[in-house]
Structure formats: C-alpha cells, structure tokens
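Read the structure below first, then the notes.
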Amino acid sequence: MAQNDQHTTTTIAKTAAAVIATTAAMAGLALLPAQAHAQQQPGPVRDVAVVAEVDGPQAERLGALVTEGIRKSSSMRYQNAAAKAQLTVRIATMSAQDAGSIVYSATWVASRKDTLIDRQLATCDVERIAACAEAVVAKTDAVRVALAGKK
C-alpha cells in the first residue's frame, strides 16, 4: 500500500511539473518568483480575461466556473480577449492518474505588460471543482486589488 501511495505522489508531482511548464509556455513567460509584483497601474484594475487550456470535462468545468465567477463579480469585469483585459488568468489542467482529481495551474499575468504576477499549482477532487473555481476567483480578486495598489 505504501508503495502505491508513493507511486501516486510521484505521478502527481510529475503531472504538476508538466502543468507548470505548459502554463509558462502558454503564457509565453519565464517562471518568476511567486510573489513578483508588477509596477502599480494607475486607477482601478477591473477588466479580467480567462484563458483556459483544459484536459477533459472536469477541467473544462473548472475553466467555465472561473469565467462565470468573474462575470458575476461586482468588482471585476470579464473580457473575452486577453488583449482588452488588464489582468489575465491562465489556467492549464491535466487529469490525475487516479481519475478522481485534476491538477491545475493558475497563473495571473498583467496583460498589457505581459508580467507574471503570481501562480498557483493545486490538485482538486472532481467533487470539489466548484470550490476550487471559487478559490481561483477569490485569488484573482486579491491580485486585482494588489495591482491597483489597494493592499
């Protein structure tokens, strides 16, 4: 049993590394320290785009729920195109080997300066996709506030 747990942990770690590399390549960025912050932009940051690269129906659901959460937000305005947004959330996902969870990487990029603001790597049980999406939306709002200089 312990050997099976070790194999699952190793598989998830390899999958996570692949997701990070995919997200970085998708964003066209080099990986920077997680707490790197862009220079403050004048005025409030409200326009947010979501770019999701998905692997399967559960991952597609995660991307759709993040998009819907931003659309429903009173503090953020959803933009279809990253070029029109001030902040872009890039989500890359992969199904974990046990099929009971997905691995996702969320990356927040200041769109106009193409600057990596923050990133997050996590696994999410398929039963908790909505809660994982809510966490990404909440983090997006926190990044948006930090970019606006309203810490």
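Worth a mention:
- Top-ranked residue in segment 68-81 [being closer than 22 Å to Thr115 by Cβ and surrounded by 21 or more Cβ atoms within 10 Å (Cβ to Cβ); ranked as farthest from the chain's Cα centre (by Cα)]: Met76
- Only one of the numbered conditions (1) assigned to a helix (DSSP H, G or I); (2) surrounded by fewer than 17 Cβ atoms within 10 Å (Cβ to Cβ); (3) modelled with pLDDT under 90 is violated by Gln35, and that is (1).
- Looking only at segment 85-102, and only at residues there that are closer than 14 Å to Gln58 by Cβ and hydroxyl-bearing (Ser, Thr, Tyr), the one that is modelled with the highest pLDDT: Thr93
- Cβ-Cβ under 7 Å pairs, at least 6 apart or on other chains, segment 62-80 side touching a residue at least 12 places away in the same chain (Cβ under 8 Å) and of a type in the set (Gly, Ala, Ser), far side surrounded by fewer than 14 Cβ atoms within 10 Å (Cβ to Cβ) and assigned to a loop (DSSP other than H, G, I, E, B): none
- Filter pass, Arg112 being among the charged types (D, E, K, R) and closer than 18 Å to Asp141 by Cβ: no
- Some residue of segment 131-149 being among the small types (Gly, Ala, Ser) and assigned to a strand (DSSP E or B): no
- Residue match in segment 65-79 (condition: over 15 Å from Val137 (Cα atoms) and among the small types (Gly, Ala, Ser)): no
- Filter result for Val19 (buried (at least 18 other Cβ atoms within 10 Å of the Cβ) and at pLDDT 65 or above): no
- Qualifying residue in segment 58-77 (condition: at pLDDT below 90, assigned to a loop (DSSP other than H, G, I, E, B) and closer than 17 Å to Arg144 by Cα): no
- Restricting attention to segment 130-151, the residues that are surrounded by 20 or more Cβ atoms within 10 Å (Cβ to Cβ), within 21 Å of Leu62 (Cβ to Cβ) and over 13 Å from the mean Cα position of the chain (by Cα) total 1.
- Output for segment 91-130, where each listed residue is part of a loop (DSSP other than H, G, I, E, B), within 20 Å of Arg46 (Cβ to Cβ) and of a type in the set (D, E, K, R): Arg112, Lys113, Asp114
- Selection count, segment 82-93, where residues are of a type outside the set (Ser, Thr, Tyr) and under 13 Å from the mean Cα position of the chain (by Cα): 5
The values are calculated or read from the model by the stated rules, or taken from the named source; none is laboratory data. Treat the numbers as computed from the prediction; the structure is a model and nothing was measured. Neighbour counts run over all protein chains shown; Cβ positions are idealised from the backbone, glycine included.
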